[in-house]
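Undergrad: My questions will all concern the structure given below.
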C-alpha cells in the first residue's frame, strides 16, 4: 500500500470515528434532555456530512452525473 493510500485510509477512519462520536454524544445528550429534537437533527445532519466526507476520502471524488440534453436543448429551444 502506498503512503497516499495509507493516508487516505487513516483520514477516512478518523472522519468515521468523528461521525460516530457525534452520533453517540448527541443521542446521549438527547436522552438526558439536554438538547432538543431540533438540535439532535442538526447533530445527525452534521454526522452524515462527516460520514460522506470519509467516504469521499476513501473512494475519491464523487462522480458527476452525465449531462443529458433534452430535445428542446438539442434544437436550441426553437420548437
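Undergrad: Under 6 Å between Cβ atoms, at least 6 apart or on separate chains: pull out the pairs that start in segment 11-38 with a residue that is free of Cβ contacts under 8 Å to residues at least 12 places away in the same chain and end on any residue that is assigned to a helix (DSSP H, G or I) and surrounded by 15 or more Cβ atoms within 10 Å (Cβ to Cβ).
TA: 30/40; 35/29
Undergrad: Only one residue in 43, 55 is in contact with a helix residue (DSSP H, G or I) (Cβ under 9 Å, 6 or more places away or on another chain), in a helix (DSSP H, G or I), within 22 Å of residue 13 (Cβ to Cβ) and modelled with pLDDT of 95 or more. Which one?
TA: Details: 55 fails: modelled with pLDDT of 95 or more.
Answer to the selection: 43.
Undergrad: Got at least one residue in segment 63-71 being at pLDDT below 95 and either in contact with a helix residue (DSSP H, G or I) (Cβ under 6 Å, 6 or more places away or on another chain) or not in a loop (DSSP other than H, G, I, E, B) (or both)?
TA: Taking every residue of segment 63-71 in turn, at least one turns out to be at pLDDT below 95 and either in contact with a helix residue (DSSP H, G or I) (Cβ under 6 Å, 6 or more places away or on another chain) or not in a loop (DSSP other than H, G, I, E, B) (or both).
Undergrad: From the list 38, 21, which one is modelled with pLDDT of 95 or more, loosely packed, with under 11 Cβ neighbours inside 10 Å and assigned to a helix (DSSP H, G or I)?
TA: 38
The values are calculated or read from the model by the stated rules, or taken from the named source; none is laboratory data. Not measured: the values here are computed from a predicted model. In this analysis, Cβ positions are derived from the backbone assuming ideal geometry, glycine residues included, and neighbour counts consider all displayed protein chains.
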